[in-house]
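Scroll down for the structure; my scribbles are underneath it.
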Amino acid sequence: MATRRTTMRSRSGTKLYAVRDKSGKFKDVQSYKRAHAADLRRKSKAEAGAGDKLVAMEKRVEKAARKAVKTVRARLQEAQAGEKLAAMEKKVGRAARKAAKTVRAKLDEARSNKKVVAMERKVERAARKAAKSVRTSLTDAVAAVKRAARRMGKPAKAARPAAKKAAKKTVKKTARKATRTPAKRATGRA
């Protein structure tokens, strides 16, 4: 329980606090100025409890504010990353469409060129002619091997698959080279 104090003034006019005991007699007399300053420095239990609650509340509010700021920043960064990704996808799409358009234009230009078309036909004819001559030389080679095998007295079956395989390989290479050449010339590559 708080001690009861009565205010009064001294002969010189200084304001005083008079502290009384339980019976009501004066126990102590203090100057009002010093007693009041001491009261202000000290906090009562009620004020201390309220202050703790206030501090706890302030901490909670600060924590919630920091969390909100963090969340907003994260969302903002996600949005910016999404925008950057969308912009990048648009750029890539535009570049791909432009490249495809350029290639189509070059191909159309090459096909419309009469010299290129004539060259393609010549190459096709040359490839067919080369394949035909390789086939005939293959049959001649197989016949020659058979004749030589008969002379030697051995069957020609073992030599035939190897010769046939080598001839087929030569035909394929010749045909591939013949079909590649006009496309390179048409696009300007040698």
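The values are calculated or read from the model by the stated rules, or taken from the named source; none is laboratory data. Being a predicted model, the structure only gives us computed values, none of them experimental. Don't worry about glycine lacking a Cβ; one is built from the backbone with ideal geometry, like all the others, and counts go over all protein chains shown. Please note that ligands, DNA and RNA were not included when accessible areas were found on the heavy atoms of the full protein model with its side chains. Shrake-Rupley method; radii C 1.70, N 1.55, O 1.52, S 1.80 Å.
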| remark: Out of (1) part of a helix (DSSP H, G or I); (2) open to solvent by less than 100 Å² (accessible area, probe 1.4 Å); (3) not β-branched (Val, Ile, Thr), the one Lys91 does not meet is (2)
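For residues in region 18-29 being part of a loop (DSSP other than H, G, I, E, B) and of a type in the set (Lys, Arg), which is least open to solvent (accessible area, probe 1.4 Å)?
In this case the residue turns out to be Lys25.
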| Taking the condition of a type in the set (D, E, K, R), within 24 Å of Lys172 (Cβ to Cβ) and either surrounded by 12 or more Cβ atoms within 10 Å (Cβ to Cβ) or modelled with pLDDT of 85 or more (or both), does Glu109 pass? | no
| request: Mind telling me which of the residues Lys43, Lys33 ends up being part of a loop (DSSP other than H, G, I, E, B), among the basic types (Lys, Arg) and open to solvent by 60 Å² or more (accessible area, probe 1.4 Å)? | output: Lys43
| Would a scan of region 2-17 turn up a residue that is surrounded by fewer than 10 Cβ atoms within 10 Å (Cβ to Cβ), modelled with pLDDT under 90 and among the hydroxyl-bearing types (Ser, Thr, Tyr)? | no
| query | Looking at region 115-135, is at least one residue in a loop (DSSP other than H, G, I, E, B) and modelled with pLDDT under 80? | reply | no
| request: Please indicate, with yes or no, whether at least one residue in region 41-57 is at pLDDT 85 or above and either under 30 Å from Ala175 (Cα atoms) or of a type in the set (A, V, I, L, M, F, W, C) (or both). | output: yes
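Please work out if Glu78 is of a type in the set (D, E, K, R), open to solvent by less than 100 Å² (accessible area, probe 1.4 Å) and not in a strand (DSSP E or B).
Numbers: of a type in the set (D, E, K, R): yes; open to solvent by less than 100 Å² (accessible area, probe 1.4 Å): no; not in a strand (DSSP E or B): yes.
So Glu78 fails the test.
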